[in-house]
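Enquirer: I have a structure I would like to understand better, so I am pasting it below and will then ask my questions one at a time.
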Amino acid sequence: LQGRGGLTFNSAIEKVTASRVWVNGEMKKWDEATVHISSSIVNYGAGIFEGIKAYQGSKENYFWVFRLEEHIERFYESAKVHRMDLPFTRERLKEAVISVVSDNRFSEDVYIRPIAYRGGFFELLWGLSPVEVAIFAIPNPREERLARMDKGIRCCTSSWRRIPDSAMPPRAKACSNYMNSRLAKNEARSFGFDDAVLLTINGKVSEGSGANIFLVKNGLLITPSVTSDILEGINRKTILEIGCNDLGLKIIERDIDRTELYLTDELFLSGTVAEVTPITSMDNILVGDGKVGTITKKIKDMYFNIVTGKVDKYKHWLTPAH
Ligand SMILES: Cc1ncc(COP(=O)(O)O)c(C=O)c1O
């Protein structure tokens, strides 16, 4: 059986179920990190989360956590929007992320998931339950991701619109927001596409189901602005910085029409999971010549050098975990 991320299903399950999860300050066995079926996180998705990547270094059990500071900051921001007081300091949470990576001794890159949630018993009877925090991690082998990035993916414009800030703010990384992403992604998959691009309520391009979107046209790097109902991606910021500082591209953040996705030279997604994933066709219309674009490839190569600690000037974005 082939599991997600290229690991055989059994070996992935074995590694994950043998791992430990940080729960409210304590390391627990995987099976013991549970919540009650009546909790608000289960019933209403009352939680916020982060997705962080730790890249394996050249030495065994040595990882670089990418932009940990920014992820923890966004965790706090998401909690603030949803009026959740996190019961741990930023420093404590950073240490906890590092310990989840180093204690579990994975032998691949690691995807880390901090989550804050209301995990107590049924709210309608007991009232609002306290905010709890947990951090788990799963192995995420690099080869399969690199193969996807070399090949590119096929996307469609979703028939679902992106949730607006005025109803369900995408700027906060809330668990329940991802039902919108799932509607889009599951629909796209059922139509035979790899993923979906969502438009805002006003019909402008917003983002992918779990990633930000970039166009490259005539040497310009163009992305929807932060008021386009996007999650303000930490990788989006990274791509804008390396596009401008290292590749000398002019950066434009503005409204983007759907048809611009068909007429751009290059198109790609950015994110902790997507990293730099080229989109080679949109709604079955080839992007450029339908091959991975040269600037996209340069950005992806630069990105991988940065996250694996090969670029000194960006080493401050990496936190060692070992
Ligand atoms: C909806 C959505 N947009 C954008 C992103 C990219 O954010 P980041 O670069 O911080 O991973 C993600 C990934 O977490 C996401 O889920």
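Enquirer: Return the residue satisfying two criteria in turn: it lies in region 160-181 and is closer than 14 Å to residue 208 by Cα and part of a helix (DSSP H, G or I), and of such residues it is farthest from the ligand (Cβ to nearest atom).
Expert: In this case the residue turns out to be 179.
Enquirer: Go over the candidates 69, 60 one by one and state the one that is closer than 22 Å to residue 306 by Cα and under 18 Å from the mean Cα position of the chain (by Cα).
Expert: On the way: 60 fails: under 18 Å from the mean Cα position of the chain (by Cα).
Checking each option against the conditions leaves just 69.
Enquirer: Out of 257, 229, I need the residue that is closer than 23 Å to residue 164 by Cβ, among the charged types (D, E, K, R), within 11 Å of the ligand (Cβ to nearest atom) and in contact (Cβ under 8 Å) with a residue 40 or more places away in the chain. Which one?
Expert: Values: 257 fails: within 11 Å of the ligand (Cβ to nearest atom).
Being closer than 23 Å to residue 164 by Cβ, among the charged types (D, E, K, R), within 11 Å of the ligand (Cβ to nearest atom) and in contact (Cβ under 8 Å) with a residue 40 or more places away in the chain holds for just one of 257, 229, which is 229.
Enquirer: Scan region 29-61 for residues that are outside any loop (DSSP other than H, G, I, E, B), charged (D, E, K, R) and closer than 24 Å to residue 171 by Cβ and jot them down. Walk me through it before giving the result.
Expert: If we filter region 29-61 for residues that are outside any loop (DSSP other than H, G, I, E, B), which is where we start, we get 29-32, 40-44, 47-49, 52-56.
Narrowing the set further to residues that are charged (D, E, K, R) leaves 29, 31-32, 53.
53, the sole residue that qualifies.
Enquirer: Which residue pairs have Cβ atoms closer than 9 Å, lie 6 or more positions apart in sequence or on different chains, and pair a first residue in region 89-106 that is closer than 13 Å to residue 26 by Cα with a second residue that is assigned to a helix (DSSP H, G or I) and of a type in the set (A, V, I, L, M)?
Expert: Cβ pairs passing all conditions: 93/72; 97/68; 97/72.
Enquirer: Now for a separate question. With the requirement that a residue be part of a loop (DSSP other than H, G, I, E, B), farther than 20 Å from residue 57 by Cβ and not basic (Lys, Arg), what does region 273-322 give you? Walk me through how you get there before you give the answer.
Expert: Quick first cut of region 273-322, residues part of a loop (DSSP other than H, G, I, E, B) only: 273-274, 283-284, 287-293, 308-311, 322.
Now narrow it down to the ones that are farther than 20 Å from residue 57 by Cβ: 273-274, 283-284, 287-293.
Those that are part of a loop (DSSP other than H, G, I, E, B), farther than 20 Å from residue 57 by Cβ and not basic (Lys, Arg): 273, 274, 283, 284, 287, 288, 289, 290, 292, 293.
Enquirer: In region 138-156, is there at least one residue being within 12 Å of the ligand (Cβ to nearest atom) and either under 16 Å from the mean Cα position of the chain (by Cα) or of a type outside the set (S, T, N, Q) (or both)?
Expert: The answer is no, given that none of the residues of region 138-156 is within 12 Å of the ligand (Cβ to nearest atom) and either under 16 Å from the mean Cα position of the chain (by Cα) or of a type outside the set (S, T, N, Q) (or both).
Enquirer: Which one of these does residue 135 not meet: (1) over 19 Å from residue 30 (Cα atoms); (2) in contact with a helix residue (DSSP H, G or I) (Cβ under 6 Å, 6 or more places away or on another chain)?
Expert: (1)
Enquirer: Right, something else. Any chance region 100-107 includes a residue that's away from the ligand (no atom under 16 Å from the Cβ) and either basic (Lys, Arg) or in contact with a Cys (Cβ under 8 Å, 6 or more places away or on another chain) (or both)? Talk me through it step by step, then tell me what you get.
Expert: Of the residues in region 100-107, the ones away from the ligand (no atom under 16 Å from the Cβ) are 100-107.
Restricting the remaining residues to those that are either basic (Lys, Arg) or in contact with a Cys (Cβ under 8 Å, 6 or more places away or on another chain) (or both) gives 105.
Yes, because at least one residue in region 100-107 is away from the ligand (no atom under 16 Å from the Cβ) and either basic (Lys, Arg) or in contact with a Cys (Cβ under 8 Å, 6 or more places away or on another chain) (or both).
Enquirer: Would you mind telling me which numbered condition in (1) within 24 Å of residue 76 (Cβ to Cβ); (2) among the small types (Gly, Ala, Ser); (3) more than 13 Å from the ligand (Cβ to nearest atom); (4) touching a residue at least 40 places away in the same chain (Cβ under 8 Å) residue 203 fails?
Expert: Just one mismatch for residue 203, condition (1).
Enquirer: Restricting to region 282-310, and then to whatever is over 18 Å from residue 148 (Cα atoms) and touching a Gly at 6+ places or on another chain (Cβ under 9 Å), can you tell me which residue is surrounded by the fewest Cβ atoms within 10 Å (Cβ to Cβ)?
Expert: By that ranking, first place goes to 308.
Enquirer: Related question: How about region 1-24: which of its residues are within 15 Å of residue 101 (Cα to Cα) and either in a loop (DSSP other than H, G, I, E, B) or at pLDDT below 90 (or both)? Walk me through it before giving the result.
Expert: If we filter region 1-24 for residues that are within 15 Å of residue 101 (Cα to Cα), which is where we start, we get 15-23.
Correct list: 15, 18, 19.
Enquirer: Taking the condition in a strand (DSSP E or B), away from the ligand (no atom under 16 Å from the Cβ) and either more than 20 Å from residue 194 (Cα to Cα) or without any contact (Cβ under 8 Å) to a residue 60 or more places away in the chain (or both), does residue 252 pass?
Expert: Working: in a strand (DSSP E or B): yes; away from the ligand (no atom under 16 Å from the Cβ): yes; either more than 20 Å from residue 194 (Cα to Cα) or without any contact (Cβ under 8 Å) to a residue 60 or more places away in the chain (or both): yes.
Criteria met by residue 252.
Enquirer: I've got another one for you. For region 62-138, which helices (runs of 4 or more DSSP H) that fit wholly inside it have 2 or more residues that are modelled with pLDDT of 95 or more and under 22 Å from residue 316 (Cα atoms)? Give the steps one after another, and end with the answer.
Expert: On the way: elements: 68-81, 90-104, 123-126.
Helices (runs of 4 or more DSSP H) meeting the threshold: 68-81, 90-104.
Enquirer: Test residue 313 against the stated conditions and say whether it is closer than 30 Å to residue 104 by Cα, at pLDDT 95 or above, surrounded by fewer than 17 Cβ atoms within 10 Å (Cβ to Cβ) and charged (D, E, K, R).
Expert: Details: closer than 30 Å to residue 104 by Cα: yes; at pLDDT 95 or above: yes; surrounded by fewer than 17 Cβ atoms within 10 Å (Cβ to Cβ): yes; charged (D, E, K, R): yes.
Here the answer is yes, as residue 313 does meet what is asked.
Enquirer: Which condition number does residue 192 fail, the rest of (1) on the phi < 0 side of the Ramachandran plot; (2) part of a loop (DSSP other than H, G, I, E, B); (3) out of contact with any Asp or Glu (no Cβ under 7 Å at 6 or more places or on another chain); (4) more than 14 Å from the ligand (Cβ to nearest atom) being met?
Expert: (1)
Enquirer: What number of residues within region 116-129 satisfy the criterion of being touching a residue at least 60 places away in the same chain (Cβ under 8 Å) and surrounded by fewer than 20 Cβ atoms within 10 Å (Cβ to Cβ)? Give the steps one after another, and end with the answer.
Expert: To start, the set of residues in region 116-129 that are touching a residue at least 60 places away in the same chain (Cβ under 8 Å) comprises 116-123, 128-129.
Right, trim to surrounded by fewer than 20 Cβ atoms within 10 Å (Cβ to Cβ) and you get 120-123, 128.
Going through region 116-129 one residue at a time, the tally reaches 5.
The values are calculated or read from the model by the stated rules, or taken from the named source; none is laboratory data. Predicted model, so just to flag it, every value in this text is computed and none were measured. Glycine gets a Cβ as well: all are built from the backbone with ideal geometry, and neighbour counts include every protein chain shown.
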